[in-house]
Every structure is written in structure tokens, then in C-alpha cells.
Amino acid sequence: MDTLKIDKKIGEKKVKECISRSQEYLLSRQHSNGYWAGILEADVSVVADYIILGRILGINSKRREEKAVNYLLDNQNMDGSWSLFWKGNGSLDVTIKSYFCLKMSGLSSDTEYMRKARNFILKNGGIENANTYTKIILALFGQYPWKKIPEIPPEIIFLPDWFYISIYDFASWARATIMAFSIIITLKPIFSLEKEKSIFELYLNSKETDNSKTRKLKHMYGPGSIFVLLNGLFKLWDRMPEKIKPLRSKAIKKVEEWILEHQEDDGSWGGIMLPWLFSLIALKCLGYKETHPVIRKGIKGLENFIVEDSRIMVLQPATSPVWDTAWTLIALRESGLESCHPQLLKGANWLMDKQINVCGDWKIKNPGIKPGCWSFEFENKFYPDIDDTSVVCWALSLIEAPDRKKRDEAVKKGINWVIGMQNNDGSWAAFDRNNHKKVLKHIPFADFITPLDFGSPDITAHVLSILGKQYCSNNSNKDGNKGEAIYNINANSFTDKEVILKALSYLKKTQREDGSWYGRWGVNFIYGTSKVLQALESLDNCISGYNPHYINKDKAVKWLKSSQNEDGGWGESCSSYEINKYRSLGESTASQTAWALQGLLAVSGEEISEEVLKGINYLTESQQDNGSWNEKHFTGGGFPGAFYLRYELYKDYFPLMALAKFIKVKEK
């Protein structure tokens, strides 16, 4: 973007005009059923995986493959690689899978596209240096030896949940994927592939393809050494005759039953692509035909995740209707729309209908908690999440629902579930409670999928925000938008006060030396810092025994200001996760600028500083005529270091919230 002219005396009229345009745009994006759902985009390997694995499932069409090829070639970097996020450095694994997809789709290896990609792959270590996930995909087509893939014996299904390690000690996304992998890796299928579509040219050492050679695993010393030893034992066990493994067939059957039980109504597994595709392949390995109802439902459901036009196709790794709807309702309400606005009521009713009142996997480790939660996607009853549930409760409390009893009951159940899911250290994670056995970080599969669901400052902040807002709605609420007191938070009672103070203690411990906080699900330190400052604002003057100086907000404000770009905005790179410290994007984004502004404007006593004015100016000047903002950068978290997300509507509802907050503070 060109350098923006900074208007330090920006007027309320101009900001309000931007707010009005933004509101109109968001209202125009509502689905007829009442929800909002922007496109959720990841790196191109999601499309590559779909085409590659679609060969096994028999779901590819020639036209779809052509569209996938166009999409991949459109996103290839100058050096021949493909990246994990827009304008990021090349990724070996994304590039290998993209190359395989293109060659499988008929693109000649002699083309300039393929030559450059091949050079990048070989320069970066070849297939030998790829992660375990990539090697599993290649092994399915005989392009990598199964003997070199770490074992996942299906007998792990028999480990009881009270044992030190069971499948329920893995994060929800890892659990569902590992179950499918345990079938596939045990059966070691090789699906047919034309000889001319093989990719053995991507090996640095041709001996790597020799099944008689076994490459040593990493982590020979240190915490990972136990898994090196276990893998050796599992390999030995796998080679034993079946008569010596009496539980093998029973284990496979039990895993099969687990997979079948966990299919969602929309055909997915966990509402996300990774366990979905591999669950289908696992069932195919067990003999399920394309005509089987489970397979048919799974394949049909994939269609709802595809976004395409006449030229390209994009496969969403998940869908975000609950998340997008809740944030859009909050943004529209906080920017001045009436609580009884018909479109807001429609959105609130849709959210209430999506509440999950059955128990999922979370119940295994938390038997005393009652359901009443929300998931991220259209369907995901097994894996509702704490972040969505907190934000939905916040949104519903702002809407004057016609059926107030239904609304109030929904919010109460949601908050009760969230409180019950608090970790022992005071934090909240995404899907599970106390899912933090650090030894699992060293499993061989941790090189591509985060195996644990640790608590994070950003989710903890969202929970504290709704708890604070519910308490403050009975008192004076600083942001001028009370909402309704639905859940009776008694901040002076031992139980409720302990929940809040434990969370504050966690946030104090996790504040970094520079004043920032890590953001697990938004990129990164800007997101985490903003969310914590907003949570502290919700608690100010409301909680007895809470000292506003308990956490160093001034240090956080100073850090946010120091991270501002010359054009007045903020922008942070996904690579911040890889180096574990802030890294500037080199340009500004609407969503991250909004987060920084929300954080600065949340601090009690903070004047409308020059930094805030410059940030507001950035948003008003960069808004498009239709009321939206342009943003191609990925600002959503996924699996740090391996997978990131671009939420289409982040660039819209968060800037609207920031502009609305600016007006409220300015009017005071």
C-alpha cells in the first residue's frame, strides 16, 4: 500500500461514515439462514492433498484437477517453491506435495514450473528431509518406503483413559488423525500410480527408496529417545506373525468402530480436512466401497468445503460459521446497531440452534461437566471449543432475543461449561482440559501436527472478557454497551473469584519480558496482547481483590506502540511463531491494526494518543468503497510452524470494532 497521509485531527464524522459502510457490507454478507461465514484459506497443500488423496477415493474429475493446477501455479513463488502463508518463505513439504499433485495431474516435469520446484526441493534436502505427514502421503503411492514410517499400533486404542498416556491425552485434532493413521500404517497399502507420474527424481539419494534400509529417527538423545525406542519395538512387533498378536485384529476392529462413531452429520471427522480425508482412506483400506453410506456421506460433505469459479478451486481446511457469526454480531452491536435489529436476531437464533447439548470426547477426562457448548464449524459435536463458546455467549448477551428464556439458558449452560474446562494453571485451551503431557511433544508425528492443546493467553482472555462483562452488566460498564446480566458472576464468592484470580495469575506469568503476550490462534503477539488488555478492561473496578496494577498494562501498551508501522498500521508475520518473538510483516494489515487499536483503547486512562490516531487514519484511508478492507496476508493461527489460516472476514469485523471503540472513547 502507498504511504498514507496521517490526519492527526481525524474527525468523528469520517470515522462514523466508515462505520456505516462497514456495517452495510457485513449485513450484506449474511447468509439467508442467518449466519456469516467467510472463506477460510490455508496454504496450497490443502488443495494438493485433496487431488492426491482424491485419486485413492475416486472423487477427482478432470475439470477439478485443471482448476487445482491453475490455483497451484498462480501461487508458486519465483524460486519455484510454495509457502505456508502469503509472501512467506518456501516450504519444502508444501512444495513436494504441490509438485506431486501437478505431476499426477499431467503436468510435465520438463516445464519451467516443475524444474524450478524440483530445484528448490533438492536444494532443501529432497524427500529425505520432508516431514512424516508428507512421507505418509508418498508411501500410499509407493513413493516412500512404509518401513521408514513410524509405527502407530492400533492396540493403543486399548489403553484406558486413566493410564499415563491414552488417545485422549492427544489434542482433539491429533487424536482423530492418529486413529486413522493407525489403520493405514498398520495395513501399509500401496495404491497404483502410473510410472511416468512417480517422483523419485526428488530424492537426493536414490537408496532412500530401498525398503531394506531404515533411516534412523531424530531425537536419539533427550526426551524424544523414548519414542525412538518405542518405534523400534513397534516395528519388531509389527513384523511378528499374526498368531503372536492376538489383539491386532480386535484392535483394528475397535479403531474402525471409533472412526465410524466419530463421523459428523455433515460427513466430516472433526470438521477439519486432515482427519476427514485420512478417515475415509482408512475405511477404504478396510474394504469399504465408494457406495457405502459412510463413504458416500464423507465424500459428499467435502463438496461443501470447496470454493471454486470457472478457473480455480480452493478447498477450505475447515469452515468458520459459528466463529464468524459471533464476532460479526458483536461488531455490529458495538458499532451501534440496535439489539433488536432483525438481522442480528436472525443471527442470534441461528447460533442458539447450533448449541451442542450432547457430550463429546472432552467428557472422557471431565465427567462432571455438563454440555452446552459451541463448535467452530457447522457440525462438530465431538469437539466443541472453549474459544467459540465464550465468544458466542458474549454475542448472545448483546442481542435482545424474542425468546429470552431460551437465550438465557443457552448462555448459562455455555459459561458453566467454559468454567468447568479451566486448566489447573488457570488458563483455558481450545478443546480440552489439562491436555499438556509434554512428553508427547516428541512423538515422531509432532513434526507436522501439534500433538497437545495447551492453554493460551488469547483464549484465557476471551473467557475473562465474557466473565467480566457478565459481572459488570450489573454495575457500571465502561464501554457503554452493557448487554444483559444472564450468568450471575459473583466475583466475591470463593469459587468464582478463584476462577478469575487463577486466570489472572496465569496471564501475569505468561506476560513476556517486552510486555507482550503470545497469541496461539491469531498472529501472534499483537493478537495475544490485544486480547489480554481487552480482558483486563472487562475486569477493571468489578472484581474485589483484583488490583489493576497486578499485571503490567503500561508495558504492554508501550510494546504495542513500538510495533507500529510508519503508515500508522500494524502487521506481524506468521514467522513470529517460528522464531518465538515478534517479527514485523513489513506492511500493515487491517485485522492486526484493529487488534492493536482495540488493545490500546482498552487501557483505562489511556489518552487518544498519536499512535491511536495514526492507526484509525490507516483504517479509514484503506477502507474500500464497498465498506470492506483488502487483506491477503494470513493472520490466523493453526499449527505454529506448520499451518496457518486466512479468515476472510477478519479484515471486516475487527476493524469495525476498533472504529466503534474509538468513537466511544473519543465521545467520553
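Each 10 Å bin, from zero up to the one with the longest distance, holds this percent of the alpha carbon pairs of region 64-194: 11, 34, 30, 18, 6, 0. Legend: Rg and Dmax of region 272-391, from Cα coordinates, 17.8, 57 Å.
Three principal axis extents describe the C-alpha atoms of region 552-626; from largest down they are 36, 33, 19 Å.
With 5 Å bins beginning at zero, the pair-distance distribution over Cα atoms of region 293-349 amounts to 4, 15, 17, 14, 12, 13, 13, 8, 3, 1 %.
Measuring from a point 7 Å past the Cα of Ile190 along Cα-to-C-beta, which residues in region 133-170 have an amide N at less than 11 Å? Answer for region 133-170: 139-147. What separates the Cα centres of region 583-625 and region 180-196 is a distance of 50 Å. For Leu73 and Glu409, the FRET efficiency from 1/(1 + (r/R0)^6), where r spans their Cβ atoms and R0 equals 60 Å, is about 0.70. Here's the picture: charge each Lys and Arg Cβ at +1 and each Asp and Glu Cβ at -1 in region 1-147, and of Gln30, Phe100, Thr132 the one pushed furthest to the positive end of that dipole is Gln30.
Once the chain from Lys14 to Lys235 is taken as fully extended at 0.36 nm per residue, the excess over their C-alpha distance is 72.8 nm. For the pair Ser225 and Arg63 in one chain, pulling the backbone fully straight at 0.36 nm per residue adds 53.6 nm over the alpha carbon distance.
Axis angle, to the nearest 10 degrees, between helix 225-239 and the longest C-alpha principal axis of the chain: 40 degrees.
Using every pair of separate Cα atoms, the Kirkwood estimate puts the hydrodynamic radius of region 356-438 at 13.1 angstrom. Peptide packing: for 449-455, 355-361, the average count of neighbouring Cβ atoms within 10 Å per residue gives the ranking 449-455, 355-361, highest mean first. Approximating the spin labels as points 7 Å out from Cα along Cα→Cβ, the Lys558-to-Leu122 distance works out to 5.3 nm. Averaging 1/r over every pair of different alpha carbons in region 335-382 and inverting the result gives a Kirkwood radius of 12.6 Å. When peptides 278-285, 291-298 are sorted by average Cβ neighbour count within 10 Å, with the highest value leading, the order is 278-285, 291-298. Within a Cβ distance under 12 Å of Glu155, other residues only, what is the Lys/Arg minus Asp/Glu net charge? Net charge in that neighbourhood comes out at +3. Our note on the geometry: Cα centres of region 74-149 and region 260-306, 26 Å apart.
For the chain, the longest principal axis of the alpha carbon atoms and the long axis of helix 457-472 meet at an angle near 30°.
Seen from every direction in turn and averaged, the convex hull around the alpha carbons of region 514-655 projects onto 8.7 nm².
Normalised Debye scattering of the chain at q = 0.08, 0.10 Å⁻¹ gives log10 I(q)/I(0) of -0.61, -0.95, counting only Cα atoms as equal scatterers and leaving out solvent.
You can think of it this way: the chain between Phe158 and Asn205 has 13.0 nm of extra reach, that is 0.36 nm per residue less the Cα-Cα gap. Remark: for residue pairs Lys250/Lys437; Lys87/Lys581; Lys346/Lys661; Lys254/Lys413, the C-alpha separation exceeds 30 Å in Lys254/Lys413. Dipole size of the chain about its Cα centre, with +1 on Lys/Arg Cβ and -1 on Asp/Glu Cβ: approximately 1620 debye, rounded to the nearest 20. Our Cα-only numbers for region 87-145 put the radius of gyration and Dmax at 11.2, 33 Å. Taking the Cα atoms only, what angle lies between the long axis of helix 293-302 and the longest principal axis of the chain, rounded to 10 degrees? Once rounded, one gets 50 degrees. Here the peptides 553-566, 319-332, 427-440 are ranked by packing, the mean other Cβ count within 10 Å, and the order with the highest first is 319-332, 427-440, 553-566.
Within the full protein context, the accessible area of Cys340 is estimated at about 80 Å² for a probe radius of 1.4 Å.
The values are calculated or read from the model by the stated rules, or taken from the named source; none is laboratory data. Note that the structure is a prediction, hence the values are computed from the model and not measured. All Cβ positions, glycine included, derive from the backbone under ideal geometry; neighbour counts span all protein chains shown. These accessible areas exclude ligands, DNA and RNA; they are computed on the full protein's heavy atoms, side chains included. Shrake-Rupley method; radii C 1.70, N 1.55, O 1.52, S 1.80 Å.
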